[in-house]
Amino acid sequence: MTQAKVFLYTLAAMLAFAGNSLLCRMALRGEHIDARTFTLIRILSGAVVLFALLRHRGDSLRDNGSWGSGLALFVYAAGFSFAYLTLPAGAGALLLFGAVQASMLGYGLYKGERLHTVQWLGLLLACAGLLVLLLPGASAPPWHGAVLMIFAGVAWGVYSLRGRGVANATASTAGNFVRAVPFALALFASALTTLGFDAQGLAFAIASGALTSGMGYAIWYGVLPHLRATTAAIVQLCVPVIAALGAVVLLNEALSPRLGFASVAVLGGIGLVIYWRGRI
């Protein structure tokens with residue numbers, strides 16, 4: 001794969017990841033769909049697209065994915081949807097990304113990984129950024145939405161850790177999406193009388209599942225072998241920034257000084273941890 005293709009595929013994957021936040025927020029803020037239905041349609045359409053991709057490649061779902069990873073994927077998707085009932089897209093993406101990285105770093109420390117002094121400073125800076133974002137104030141995100149998004153980020157961190165070292169990442173992801181469908185169906189059926197959606201809401205959910213989730217993950221896993229591990233980790237720092245800028249343009253959301261400072265602190269701090277990990 002040429003460097004130009006690597007760049008374009010990487011950019012497409014990051015836009016897809018940021019697009020998930022924008023699509024979900026557009027659907028739920030406009031009350032085009034409820035969170036339960038959005039979760040089900042997103043997971044179901046992602047499963048369909050990934051299964052079709054596997055069939056095209058001649059691969060099989062057999063022995064790919066696991067119920068534990070399927071449950072973690074569902075918890076992430078459900079927490080993500082319910083959090084965006086109240087969270088702005090930019091703040092939600094930052095909380096999600098921060099929680100994902102924090103959970104994975106925490107697991108590394110638990111397993112005995114040692115951090116350089118600069119990495120500890122970066123971790124403290126990132127924690128300070130999240131604290132500033134969550135402190136009470138006029139521009140603070142709603143606490144219940146923030147808790148749900150952090151929970152979703154931890155679930156995605158668990159999902160990512162469980163997927164390390166799989167032989168066929170795309171097939172494993174497809175298997176996990178398929179296994180997440182029953183959990184999403186149970187959530188959907190738990191409150192049938194409160195469900196509601198229109199054609200626009202369904203379109204947002206299908207796009208989130210089929211394009212920015214299913215195809216986005218497939219593109220990302222395809223380009224990962226061509227990136228150094230440190231590069232792959234650092235490039236994901238742009239996702240909350242893209243989501244925040246997209247929210248300003250598409251959703252008319254304000255880019256508050258608090259969110260700006262928190263973004264620099266969180267992304268800069270995590271960037272230091274990842275960069276120095278590559279040097280040790």
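The table below lists the values:
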read-out	value
Boolean, LEU71 is aliphatic (A, V, I, L, M), without any contact (Cβ under 8 Å) to a residue 24 or more places away in the chain, in a helix (DSSP H, G or I) and surrounded by fewer than 24 Cβ atoms within 10 Å (Cβ to Cβ)	no
Residue match in region 49-59 (condition: among the small types (Gly, Ala, Ser), within 23 Å of ALA169 (Cβ to Cβ), surrounded by fewer than 18 Cβ atoms within 10 Å (Cβ to Cβ) and in contact (Cβ under 8 Å) with a residue 40 or more places away in the chain)	no
Tally, over region 1-48, of residues that are of a type in the set (A, V, I, L, M) and free of Cβ contacts under 8 Å to residues at least 60 places away in the same chain	5
So GLY209, is it at pLDDT 90 or above, part of a helix (DSSP H, G or I), small (Gly, Ala, Ser) and touching a Lys or Arg at 6+ places or on another chain (Cβ under 9 Å)	yes
Filter result for the condition that a residue is of a type outside the set (Lys, Arg) and either under 22 Å from MET1 (Cβ atoms) or at pLDDT 90 or above (or both), over VAL248, VAL181	VAL181
Subset of region 159-168 (residues that are closer than 18 Å to ASN20 by Cβ and either of a type in the set (A, V, I, L, M, F, W, C) or assigned to a helix (DSSP H, G or I) (or both))	TYR159, SER160
Single residue of region 166-203 satisfying the filter (among the aromatic types (Phe, Trp, Tyr) and out of contact with any strand residue (DSSP E or B) (no Cβ under 7 Å at 6 or more places or on another chain)) that is surrounded by the fewest Cβ atoms within 10 Å (Cβ to Cβ)	PHE188
Single match in LEU94, LEU8, LEU105, LEU40 (criterion: touching a Ser or Thr at 6+ places or on another chain (Cβ under 7 Å) and either of a type outside the set (Gly, Ala, Ser) or closer than 30 Å to LEU192 by Cβ (or both))	LEU94
Residue list for region 180-201, filter: within 22 Å of ASN20 (Cβ to Cβ) and outside any helix (DSSP H, G or I)	LEU195, GLY196, PHE197, ASP198
Residue ID - nearest to ALA78 (Cα to Cα), chosen from residues in region 1-54 that are in a helix (DSSP H, G or I) and among the β-branched types (Val, Ile, Thr)	THR39
Qualifying residue in region 227-243 (condition: assigned to a helix (DSSP H, G or I), without any contact (Cβ under 8 Å) to a residue 24 or more places away in the chain and touching a helix residue (DSSP H, G or I) at 6+ places or on another chain (Cβ under 7 Å))	yes
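The values are calculated or read from the model by the stated rules, or taken from the named source; none is laboratory data. In this text, all values refer to a predicted model and were calculated from it rather than measured experimentally. Positions of Cβ are generated from backbone atoms using ideal geometry, with glycine treated the same way; all protein chains shown enter the neighbour counts.
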